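Below is one structure, written out as structure tokens; the observations come after it.
The values are calculated or read from the model by the stated rules, or taken from the named source; none is laboratory data. Treat the numbers as computed from the prediction; the structure is a model and nothing was measured. Every residue, glycine among them, receives a Cβ derived from its backbone with ideal geometry; neighbour counts consider all protein chains shown.
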Amino acid sequence: MGRVLTDRELLHELEDVAEDNVNRHLAMAKDWHPHDYVPWDDGRNFAALGGEDWDPEQSQLSDTARAAMITNLLTEDNLPSYHREIAQHFSLDGAWGTWVGRWTAEENKHSIVMRDYLVVTRGVDPVALEHARMEHMTQGFDPGGGSMLDSVSYVTFQELATRVSHRNTGKACGDPIADRMLARVAADENLHMMFYRNIVGAALDVAPDQAIAAIHKVLTNFQMPGAGMHNFRRNAVLIAKGGIYDLRQHLDDVVLPVLRKWNMFERNDFGRTASATATNWQNSCTRWTSRLPGSRSPAIGLSPARPAGANASRLADAPRRRAGTATRHPLDRGCQLCGRTIITGQSAVWSSALLVEPSSIPLKPPRPRLPTTISCAFSANSLSTRTGRSRATTRSTVTSGYRS
């Protein structure tokens with residue numbers, strides 16, 4: 001194994017790759033304007049300008065679509081935290097600096113168009129939404145990455161996960177305008193993912209052991225940027241039950257495609273530790289693929305995944321966390337091993353899926369998992385049941401753990 005490269009050395013080694021991928025992105029990216037995706041004719045004044053304030057009956061969105069739109073929008077709102085993370089680990093000169101600026105500008109469009117759509121169509125309470133935005137952005141987000149490779153590995157999976165969530169949210173809205181809007185946003189996210197994925201792919205050639213260590217760290221501690229939101233777990237359960245984003249999709253549509261693109265399971269240039277990690281991934285992913293209901297992905301390089309049994313319910317209905325439930329989804333056992341939370345609202349199964357044999361995870365009795373304290377800041381339930389003039393309940397937020 002070669003010596004460990006510093007972030008500065010890695011940036012220098014990967015600069016040509018970054019330049020090629022910036023040029024590729026600029027050639028592929030489509031210029032679009034947020035105002036073209038908003039039905040302005042549906043808008044009218046609120047009470048401050050002589051109109052009518054928001055009422056729950058004005059929303060045409062289902063509880064699931066509303067929860068997904070709020071979660072996705074607040075995630076996009078936290079762009080300053082994401083910009084800081086990327087800017088701190090990339091250079092602001094040359095191709096790296098060009099990418100930081102371009103990526104930030106494109107990402108900013110997403111929150112603009114989504115908020116305009118929700119306000120104009122009165123899909124959610126705008127006052128509660130603004131309170132939630134202020135709180136979430138004040139808290140910020142730190143993915144916990146300690147190096148450039150940690151950050152770029154994380155954002156590779158996160159961009160693809162966001163792409164899947166946006167695309168499925170558009171379909172869940174039941175509105176062709178929203179579907180078109182979020183399909184456009186999802187297309188941006190896919191191009192962004194390709195840039196970061198290609199940087200990590202090149203890093204696997206330059207410093208394979210360092211790169212696989214960063215990927216391992218990200219996968220075993222993965223959490224979506226919205227994990228710090230109030231009511232994230234409650235809204236995420238709605239999102240999972242609605243088929244927008246769940247553990248099955250996290251495996252089939254995010255993790256496995258990226259690992260395959262990196263040729264992770266056929267490479268032979270890893271050191272001893274990294275090679276063992278890749279082999280463990282392969283074995284564990286194969287086993288978890290066969291255990292998850294609704295498999296759409298073949299096992300990795302081994303036998304095809306076994307179909308779910310006749311009595312297996314969809315993963316969206318699987319989080320049996322309520323008291324009195326006699327049986328549990330197999331994944332819930334792995335959830336006991338990690339405190340991280342991904343977008344499904346369950347603990348991050350990947351810490352166990354990549355490190356622990358499923359058969360070795362002990363079965364424990366179920367226990368209630370849904371939060372007992374409800375914040376009215378942006379809960380889908382609170383937004384759908386409040387009547388009268390728009391108002392939001394706020395609560396204090398402890399941010400001492402936030403690292404700027």
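HIS166: assigned to a helix (DSSP H, G or I), touching a Leu at 6+ places or on another chain (Cβ under 6 Å) and surrounded by 20 or more Cβ atoms within 10 Å (Cβ to Cβ), yes or no?
Against the criterion (assigned to a helix (DSSP H, G or I), touching a Leu at 6+ places or on another chain (Cβ under 6 Å) and surrounded by 20 or more Cβ atoms within 10 Å (Cβ to Cβ)), HIS166 qualifies.
Considering only the range 80-94, state which residues are of a type in the set (Asp, Glu) and free of Cβ contacts under 8 Å to residues at least 12 places away in the same chain.
Let us first name the residues in the range 80-94 that are of a type in the set (Asp, Glu), namely 85, 93.
ASP93 - this is the single residue of the range 80-94 that is of a type in the set (Asp, Glu) and free of Cβ contacts under 8 Å to residues at least 12 places away in the same chain.
Quick grid of which residues meet (1) in contact (Cβ under 8 Å) with a residue 24 or more places away in the chain; (2) within 19 Å of THR104 (Cβ to Cβ); (3) assigned to a helix (DSSP H, G or I); (4) among the basic types (Lys, Arg):
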residue: HIS131; (1), (2), (3), (4): yes, no, yes, no
residue: PHE141; (1), (2), (3), (4): yes, yes, no, no
residue: SER151; (1), (2), (3), (4): yes, yes, yes, no
residue: LEU191; (1), (2), (3), (4): yes, yes, yes, no
residue: TYR196; (1), (2), (3), (4): yes, yes, yes, no
residue: ILE199; (1), (2), (3), (4): yes, yes, yes, no
residue: ALA227; (1), (2), (3), (4): yes, no, yes, no
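Being free of Cβ contacts under 8 Å to residues at least 12 places away in the same chain, part of a loop (DSSP other than H, G, I, E, B) and not basic (Lys, Arg): is that true of GLY97 here? Reasoning before the result, please.
Numbers: free of Cβ contacts under 8 Å to residues at least 12 places away in the same chain: yes; part of a loop (DSSP other than H, G, I, E, B): no; not basic (Lys, Arg): yes.
Answer is no for this residue.
Could you grab the pairs with beta carbons closer than 8 Å, sequence gap of 6+ or different chains, first residue in the range 244-273 and on the phi < 0 side of the Ramachandran plot and among the basic types (Lys, Arg), second one surrounded by 15 or more Cβ atoms within 10 Å (Cβ to Cβ) and modelled with pLDDT under 80?
ARG248/LEU292; ARG248/PRO293; ARG248/GLY294; ARG248/SER295; ARG248/LEU315; ARG260/ILE300; ARG267/ALA278
Modelled with pLDDT under 95, among the hydroxyl-bearing types (Ser, Thr, Tyr) and surrounded by 18 or more Cβ atoms within 10 Å (Cβ to Cβ): does that describe TYR154?
Working: modelled with pLDDT under 95: yes; among the hydroxyl-bearing types (Ser, Thr, Tyr): yes; surrounded by 18 or more Cβ atoms within 10 Å (Cβ to Cβ): yes.
In short, yes.
Here are ASP53, ASP41: which of them is among the acidic types (Asp, Glu), surrounded by 10 or more Cβ atoms within 10 Å (Cβ to Cβ) and at pLDDT 95 or above? Can you show your working first?
Working: ASP41 fails: surrounded by 10 or more Cβ atoms within 10 Å (Cβ to Cβ).
Going through ASP53, ASP41 in turn, just one is among the acidic types (Asp, Glu), surrounded by 10 or more Cβ atoms within 10 Å (Cβ to Cβ) and at pLDDT 95 or above: ASP53.
Being under 25 Å from TRP32 (Cβ atoms), part of a helix (DSSP H, G or I) and free of Cβ contacts under 8 Å to residues at least 40 places away in the same chain is the requirement here; does VAL113 meet it? Write out each step before concluding.
Values: under 25 Å from TRP32 (Cβ atoms): yes; part of a helix (DSSP H, G or I): yes; free of Cβ contacts under 8 Å to residues at least 40 places away in the same chain: no.
Criteria not met by VAL113.
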